[in-house]
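Accompanying notes for the structure given below.
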Amino acid sequence: MADIDISLYNTVTEGKATILFPKSNEVFYNPVQEFNRDMSIAAIRTWSEMFMQEKQARIDKKLANTKTEEARAALAEKLDKKINPNDFNILEALAATGLRSIRYAKEIPKLRQVVANDLLDDAVESIRRNTIYNQLDENLVRANKGDAMRVMYDTVGTDEKYDVVDLDPYGSAAPFVDGAVQAVSEGGLLCVTCTDLAILTGSMHPETCFGKYNGMPLKGTFPHEMALRLVLQMLQTSAGRYRRYIVPMMSCSIDFYLRVFVRVYTSPNEVKKAASKIGVIYECSGCHSFATQPLGKVEIKEENGSERHSPGSGPPVNTHCEHCGSTHHIGGPAWIAGLHDKTFVSNMLQHIKDNEQNYGTNARMKGMVSVIQEEVEDACYWTLQRLCGTLHCTSIPMLDLYSAILNAGFKVSASHCGPQTIKTNAPASVVWDILREFTKKHPVVMANIKENSPARKILAKEPTIKVDFTRHPEAAAESRNGVRYQINPTPNWGPKARAGKKQKTDHAEEE
Ligand SMILES: C[S@@+](CC[C@H](N)C(=O)[O-])C[C@H]1O[C@@H](n2cnc3c(N)ncnc32)[C@H](O)[C@@H]1O
Ligand SMILES: [Zn+2]
């Protein structure tokens, strides 16, 4: 530490790390990403407990099948060396100042090593300097200068994989994914950030989204969930090439970026199921009802003990929407299976509650993970604004809408992607019936509504179900008591521009 001239630096403290940040601002640092780093630490800690238990269970199983005491002792020694159940390693492929890696080293127990890699000399120097300043062993935080892709491809054909691969690039993670799905160990965790949300949500250039992610975005009602589903599809498609498959642990849409945590395993049989977890999503251009078309049949038949896969049958919609007569937009192919693993999410929530003092953003973490825990699976979401906007009606109180859905026998929740969202397994016909009933008591002024509009088509029909608005006990979610959605945290909120590049706009990196 003696040879660091502290006067040249500002210090930034986050979690247990204090980072020297050059006054000349050469290396990338975005304070708004503290939430991303807090969430990542909590996610990796949660995963690591599962991962290490699983490794121990594999060792125990092998030992249990070994007969003599002597053979058991020899095997135990061999396995302990080979599958060390007590530690793991991380690759932060795009590490900038090293803040994230240093936090990982200080805040994640049982971490054997984090390789903090960056392409730039300045960044690698910063990682080294900060490792020393934080009094960490340079073997625990190993600074590495290299192209992220090359570092990950170096693991191909070897047993030297990384148990966690963390991709936190400028903009899209797409260019790094092929390497990452090969560099992560069996059951390891892939943590991926994408900040190019303008592209992923289709607010501009859907064709660019297709070029990068091999899927078309849908910007209508659920752009952020669609964005998550496009990223997961890309991860699965890339993994599938190497006989690997992903299991999403938690998929988060946060402010101006996405962060997904998926486990990666190898199994040709599981890869065969990918076609039924990927599909296209139709969204009506008039009333925004949506329907999902899996590419592979979801029901996998058992034939003589082996699974039979067949192409999906469809489409699930007519050429024109059955509710309003409009045509559909087609999005995807996208991941249409679950976005989160319930056990993982509830373990992570418990971990956050037990360790609040460790996380500067703990209130928001608890809020978001609680909403995620309550999310209805396998469905995109409606928004109150779109539903009532389509019908030109006054806003239905959320509790009335939720209660009516629950009273009709369906599940409902919010989405963590945004306030006033409605995720439900109720078909669109039920949702429209509820709104039809609501407008009976809160009539729509039809005078200004065009002849062929979705509102006229939908309201011309009578409800086919008996709608019951009686307050349902489950309509008020527990998570409502926490910080569920974030207002813009700072005036300069957004992805930051590359280090050293003049910042024109806060969203310079979104493209
Ligand atoms: C968004 S910053 C990373 C921020 C960091 N993960 C954190 O949490 O503070 C992106 C970093 O990626 C580095 N980078 C860009 N392309 C790279 C590549 N191909 N290989 C390695 N690093 C790269 C940049 O130099 C930059 O420091
Ligand atoms: Zn429609």
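The amide H of Gly188, built 1.01 Å from its N in the peptide plane, has Val264 as neighbours under 5 Å, considering only residues 5 or more places off or on other chains. Summarising the amide proton neighbourhood of Ile254: residues at separation of 5 or more, or on other chains, whose placed amide H is nearer than 5 Å comprise Arg259. Cysteine residues of the chain whose C-beta has no other cysteine C-beta under 4.7 angstrom: Cys191, Cys194, Cys209, Cys252, Cys380, Cys388, Cys393, Cys417.
How high is the relative contact order of the chain, given as a whole-number percent (alpha carbon pairs under 8 Å, six or more residues apart)? Mind dumping the intermediate values first?
Numbers: 985 pairs, mean separation 64.9, N = 511.
It comes to 13 percent, rounded to a whole number.
What shape does the stretch 105-162 take by its C-alpha gyration tensor, where a ≥ b ≥ c are the square roots of the eigenvalues and a/c under 1.5 counts as rounded, a/b above b/c as prolate, and the rest as oblate? It comes out oblate by the Cα gyration axes. For the pair the stretch 384-429 / the stretch 40-100, the C-alpha centres are spaced 44 Å from each other. Using the Cβ of Ser267 as centre and a radius below 13 Å, the other residues enclosed give a net charge of +2, where K and R count +1 and D and E count -1.
Principal-axis analysis of the Cα atoms of the chain puts helix 223-240 at an angle of about 50° to the longest axis.
Could you work out how much longer the chain between Glu54 and Lys441 gets when fully extended? Use 0.36 nm per residue separation minus the Cα distance between them, nm to one decimal.
On the way: separation 387, 0.36 × 387 = 139.32 nm, distance 5.66 nm.
Difference between extended and current length: 133.7 nm.
The angle between the Cα long axis of helix 398-407 and the longest principal axis of the Cα atoms of the chain comes to about 80 degrees, rounded to the nearest 10. Please state the shape class of the stretch 243-344: rounded when a/c is under 1.5, otherwise prolate if a/b exceeds b/c and oblate if not, all from the C-alpha gyration tensor. Oblate. Rounded to the nearest 5, the antiparallel percentage of DSSP beta bridges internal to the chain is 70%. Summary value for the stretch 223-275: 35 percent relative contact order, contacts being C-alpha pairs under 8 angstrom separated by 6+ residues.
Here the contact order of the stretch 381-476, divided by its residue count and restricted to Cα pairs under 8 Å and six or more residues apart, works out to 39 percent. Distance between the modelled labels on Ser267 and Gln357, one decimal in nanometres: 4.1 nm (7 Å Cα→Cβ projection). Of all accessible surface on the chain at a 1.4 Å probe, what whole percent is carbon and sulfur? Solvent-exposed carbon and sulfur of the chain make up 50 percent of the total. Taking the C-alpha atoms only, the angle from helix 69-82 to the longest principal axis of the chain is near 80 degrees.
Once the 1.4 Å probe is applied to the protein heavy atoms, the chain comes out at 45 Å² accessible per residue. If you sort the three axes of the alpha carbon gyration tensor as a ≥ b ≥ c, you get a/c of 1.5 or more for the chain and a/b above b/c, which makes it prolate.
The Rg/Rh ratio of the stretch 381-476, with Rg taken over Cα atoms and Rh as the Kirkwood radius over Cα pairs, comes to 0.95.
In vacuo Debye scattering of the stretch 410-465, one point per C-alpha: log10 I(q)/I(0) at q = 0.13, 0.20, 0.30 Å⁻¹? Once normalised to I(0) and log-transformed, intensities are -0.43, -0.85, -1.15.
The values are calculated or read from the model by the stated rules, or taken from the named source; none is laboratory data. None of the values given here were measured: they were computed from a predicted structure. Note that we place each Cβ from the backbone using ideal geometry, even for glycine, and neighbour counts take in every protein chain shown. When the accessible area is computed, the model is the full protein with side chains, heavy atoms only, and any ligands, DNA or RNA have been set aside. Shrake-Rupley method; radii C 1.70, N 1.55, O 1.52, S 1.80 Å.
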